[in-house]
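To start, the structure under review is shown below, and the notes come after it.
Just so it is clear, none of the values below were taken in a lab; they were calculated from the coordinates. Remember, predicted model here, so these are calculated numbers, not experimental data. Cβ placement follows ideal geometry from the backbone for every residue including glycine, while neighbour counts extend to all protein chains displayed.
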Ligand code: ATP
């Protein structure tokens, strides 16, 4: 292994920069040449790559987004697209590739490895929807952004005695809603993993109002459905004025938390170590306090495991 490449792919997440920095600096420390590939697989196909040095990744550890930019590439899903990508890697002499992204990006990396290039995945997505790892890079920052928003919305909710539905990201995964809801003291948390009954949400709101509660926060994961419809139904059933806030892309940006920077740094270093050891088709992750790595197949085959204990606790604490 003499030359490695690094790219970010799929949706961006805060902390991706810290991971890029760790890959570049660990690579150089180990005597490798490191190539930065811009705009994910799209950039790979089109040869958007340059050699990086220690200064290339200076002053980025605290920045959200990704200095390498990211993209989704339909062309890379085709054999022809991946053949072009492999050709570009050959021209630049890249023997190993670190892909920072979600499960789609890992699926692409696995297919690319069939053409001979060694690939390692680092989980970069705010959704925390990769089950082989406790945390993905960006999740903690997104949760903190949502908790901050809950605090602000709670103020105005209290002033007006309104209920507020806050819709958060996560696609088919309810982790952002769950962890931000628990930390933010939400009255109800609605996630795709647990069947949801509007009447239970309404009952809780009415009980809360009757004991003098002025605010009500309902945290809704986007994978369940539209916040507007749910708010309308709540208002009709309870008579409590209900507003909706869709937090959207503010959850994807911002300064990464120390937690995200730490796991990104550790996983970036592990990815390079794996390539140096000649490993391929492995995904790096975090279990408890340990950095782990598993086969890509394990990433795709690990069952969805929702933290029902924390969900039940959030329900108990918001009675
Ligand atoms: P996020 O979780 O943020 O959405 P992701 O990595 O899952 O990130 P995707 O859009 O699913 O995001 O994948 C990123 C890119 O990876 C795609 O645009 C495509 O180029 C490539 N890719 C995804 N799935 C495959 C696949 N099955 N085969 C080949 N390439 C793929």
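Using the beta-carbon distance between residue 206 and residue 313 and R0 = 22 Å, what value does 1/(1 + (r/R0)^6) give for FRET efficiency, to the nearest 0.05? So, using R0 = 22 Å, E works out to roughly 0.45. Compared with the dominant Cα axis of the chain, that is its longest principal axis, helix 198-210 is turned about 50°. The relative contact order of the chain, computed from alpha carbon pairs under 8 Å that lie at least 6 residues apart in sequence, is 23 percent.
In plain terms, the bigger the Kirkwood radius, the slower the diffusion; for the range 140-213, with that radius from Cα pairs, at 37 °C and 0.692 mPa s, Stokes-Einstein puts D at 251 µm²/s.
Sorted ascending by nearby beta carbons within 10 Å, beginning with the fewest, 179, 87 become 87, 179. Among beta bridges identified by DSSP and lying wholly in the range 1-132, the antiparallel ones come to about 20 percent. Each label point was placed 7 Å from the Cα along the Cα-to-Cβ direction; for residue 292 and residue 114 their separation is 2.7 nm.
For the range 1-123, the C-alpha radius of gyration sits at 0.95 times the compact-globule guess of 2.2 N^0.38 Å, with N the residue count.
Computed over every Cα-Cα pair of the range 163-304 and binned at 10 Å starting from 0, the pair-distance distribution P(r) comes out as 10, 31, 27, 17, 11, 3, 0 percent. Here the label points at residue 51 and residue 228, each 7 Å from Cα along the C-beta direction, are separated by 5.4 nm in the simple model.
Calculated on the alpha-carbon coordinates, the convex hull of the range 180-244 measures out at 85 cubic angstrom per residue.
Measuring between their Cα centroids, the range 1-56 and the range 228-267 lie 30 Å from each other. For the chain, the longest principal axis of the alpha carbon atoms and the long axis of helix 79-91 meet at an angle near 50°. Our summary gives the range 88-182 a relative contact order of 22 percent, counting only alpha carbon pairs under 8 angstrom and 6 or more residues apart. Under the simplified labelling scheme, the residue 183-residue 69 pair shows an inter-label distance of 3.1 nm, with each label point 7 Å from Cα along Cα→Cβ.
Beyond 11 Å, what percent of the Cα pairs of the range 173-212 remain?
Summing the P(r) of the range 173-212 above 11 Å gives 66 percent of all pairs.
Helix 227-238 against the longest principal axis of the chain: what's the angle in degrees, Cα atoms only, rounded to the nearest 10? Taking the Cα atoms of the chain, the angle to 227-238 is about 20 degrees.
Considering only alpha-carbon pairs that sit under 8 angstrom and 6 or more positions apart, the relative contact order computed for the range 144-231 is 43 percent. Under conditions of 20 °C and 1.002 mPa s, the chain yields 105 µm² s⁻¹ as its translational diffusion coefficient, taking Rh as the Kirkwood radius over Cα pairs in the Stokes-Einstein equation.
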